[in-house]
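The values are calculated or read from the model by the stated rules, or taken from the named source; none is laboratory data. Quantities reported herein were computed from a predicted structural model and do not represent experimental measurements. Reconstructed Cβ throughout: ideal geometry from the backbone, glycine too, with neighbour counts over all protein chains shown. The protein model used for the area step is the full one, side chains on, heavy atoms only, and it has no ligands, DNA or RNA in it. Shrake-Rupley method; radii C 1.70, N 1.55, O 1.52, S 1.80 Å.
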Amino acid sequence: MFSLRHSVLASNGLAVALVVTSCLASVSAFAYAPNFITKIIVEETGKNPVGLVDVEESKTEEATISDPMEPIVTGPVVTRFPPEPNGYLHLGHAKAVSFNFAVARMFGGDCHMRLDDTNPSKEEEEYVESILEDVRWIQSGLYDGDDPWTGPVRTTSDNFSFIYDCAVALIKQGDAYVDSLSAEEMREYRGTLTEPGKDSPHRSRSIDENLDLFKRMKAGEFPEGEYVLRAKIDMTSPNINMRDPALFRIKHESHQNTGDEWCLYPMYDFSHPITDAIEDITHSLCTLEFEDHRPFYDWTIEKLRSAELLTARPRQIEFSRLNIKNTVLSKRKLIQLVEGGHVNGWDDPRMPTLSGMRRRGVPPAALRLFCERVGISKADSNIDFQVLEDCIRDELD
């Protein structure tokens with residue numbers, strides 16, 4: 001039923017292959033080839049996905065399945081799409097949106113829509129509205145109703161009180177402490193990729209002193225940068241992300257959702273696993289830059305399970321991000337184009353944003369098809385823009 005066209009798209013000596021074509025209209029909602037993530041979910045749930053492309057399986061290491069095991073996940077498969085509302089979604093996000101929702105559909109589960117709004121300095125209501133509009137658009141035609149996600153739109157800020165309580169529990173367990181080092185001193189004490197870090201002189205503060213300082217941080221008694229709450233793990237760890245990472249920092253700024261209620265905000269790496277567990281996410285799918293952060297993700301889950309604050313045990317799995325040749329896919333750089341007046345807003349048809357693609361007349365099904373053809377793997381790739389143009393042409397034809 002399917003024909004295969006093999007093409008090689010090289011980037012820094014790496015290559016990806018296997019582009020699936022033909023019969024596109026009939027499988028546009030479920031046209032992903034089997035990949036290492038779907039295999040992991042099959043192993044953990046005992047459920048067979050619906051609609052994967054029927055192709056000969058790769059013999060690569062990442063495609064290997066271990067011996068059959070008893071299902072670990074007994075309930076529904078639950079994924080999430082959790083962007084930070086600090087800019088408009090671009091083509092790189094299309095892959096994350098499409099795959100998270102597709103996995104939920106494949107396994108008859110749910111996909112949550114969450115805004116990870118932990119940094120009030122860069123977040124705006126305009127970005128919130130644009131993100132929701134873009135997700136509705138790229139998933140349009142696949143679901144009944146206007147919203148493709150399950151339940152309400154969730155936000156990390158809705159859970160700030162609980163995340164604060166989690167931090168208090170870690171302090172009481174001796175797994176977190178309030179540090180007084182400056183940002184420059186913290187970098188110095190942190191060490192390097194080849195040299196271990198060293199303990200902060202404030203690491204030995206008593207539990208009572210840490211609790212008192214953290215409570216006063218929340219009350220707004222201190223200026224930004226004077227104190228930060230850190231996990232107490234291992235300053236000599238070969239993984240630099242496990243060298244007592246920050247959990248909470250002081251920011252005297254209004255938040256687009258909570259207003260002036262908080263002046264103490266959790267770090268993304270700390271709030272991410274907690275909100276996943278609160279929502280009973282089974283598989284937290286994210287891009288490869290978070291791979292080295294996974295040990296801290298797991299550490300946070302296990303420490304808070306032992307404190308009986310969490311019961312779920314979500315699993316983080318990483319895949320390669322979408323890179324397109326000669327195309328800027330960086331919010332930081334895109335916002336410079338907007339603020340510098342080089343383009344007419346985020347939805348300028350020249351911009352690689354989803355709203356720009358929509359104004360250009362690109363069908364949402366073409367973007368989903370593009371993501372399906374690119375596929376899912378751990379290998380970095382740099383895709384030729386012509387692949388996207390081919391998908392647009394196929395859909396319009």
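Points to keep in mind about this one:
- The length gained by stretching the chain between THR192 and ILE240 to full extension, at 0.36 nm per residue less their Cα-Cα distance, is 16.5 nm.
- Cα gyration tensor category, rounded, prolate or oblate, for the range 339-397 with a/c compared to 1.5: oblate
- Length available on full extension from ASP380 to GLU302: 0.36 nm per residue minus the Cα-Cα distance, which gives 25.0 nm.
- Seen through its C-alpha gyration tensor, with square-root eigenvalues sorted a ≥ b ≥ c, the range 179-274 comes out prolate because a/c lies at 1.5 or above while a/b is bigger than b/c.
- Cα centroid separation, the range 142-172 to the range 253-314 (Å): 9
- Per the Cα gyration tensor, the chain maps to an equivalent ellipsoid with semi-axes of 38, 25, 20 Å, ordered largest to smallest.
- P(r), alpha carbons of the range 273-321 - 5 Å bins starting at zero, rounded %: 5, 24, 31, 22, 12, 5, 1
- Excluding ligands, DNA and RNA, the accessible surface per residue across the chain is 46 Å² with a 1.4 Å probe.
- Global dimensions of the range 87-229 from alpha-carbon coordinates: Rg and Dmax equal 20.6, 58 Å.
- Model label points for TYR143 and ASN326, set 7 angstrom from Cα along the Cα-to-Cβ axis, are 3.6 nm apart.
- At R0 = 45 Å, FRET efficiency that the Cβ-Cβ distance of GLU221 and THR74 yields, to 0.05: 0.45
- Axis angle, to the nearest 10 degrees, between helix 125-138 and the longest C-alpha principal axis of the chain: 30 degrees.
- Cβ-Cβ FRET estimate between GLU125 and VAL343, R0 fixed at 25 Å, reported to 0.05: 0.75
- Using alpha-carbon coordinates, inclination of helix 268-278 to the longest axis of the chain, degrees: 70
- Taken along the Cα-to-beta-carbon direction at a fixed 7 Å, the label points for ASP260 and GLU289 span 3.4 nm.
- Accessible surface of ILE72 - all protein chains present, 1.4 Å probe, nearest 10 Å²: 110
- Using the average count of surrounding beta-carbon atoms within 10 Å as a protection proxy, the listed peptides 74-82, 253-261, 367-375, 302-310 rank, highest first, as 367-375, 74-82, 302-310, 253-261.
- Heavy-atom accessible area, probed at 1.4 angstrom with all protein chains present, ranks LYS122, LYS95, LYS47 as LYS122, LYS47, LYS95, highest first.
- Whole-angstrom Cα spans of the range 112-161 along principal axes, big to small: 35, 22, 10
- Remark on THR155: its backbone amide H falls under 5 Å from those of LEU115, a criterion applied only to residues 5 or more positions apart or on other chains, H modelled at 1.01 Å from N.
- Helix axis angle, 364-374 relative to the chain longest principal axis, alpha carbon, degrees: 80
- Around the amide H of MET267, modelled in the peptide plane, lie the amide H atoms of PHE248, ARG249, all under 5 Å away and 5 or more residues distant in sequence or on another chain.
- Between the amide H of ILE324 and those of ILE383, distances stay under 5 Å, these residues lying 5 or more places away or on another chain, with hydrogens modeled in the peptide plane.
- Three-way shape label, the range 202-349, alpha-carbon gyration tensor, a/c 1.5: oblate
- Of all lysines in the structure, the ones whose alpha carbon falls short of 16 Å from that of LYS95, not counting any fewer than 8 places away in one chain, are LYS325, LYS331, LYS378.
- If the chain linking HIS252 and GLN173 were pulled fully straight, counting 0.36 nm for each residue of separation and taking away their Cα-Cα distance, it would gain 25.6 nm.
- Charges were assigned to the Cβ only: +1 to each Lys and Arg, -1 to each Asp and Glu. The resulting dipole of the chain about its Cα centre is roughly 580 debye.
- Taking the protein heavy atoms of the chain in the context of the full set of protein chains, the accessible area attributed to carbon and sulfur is 48 percent at 1.4 Å.
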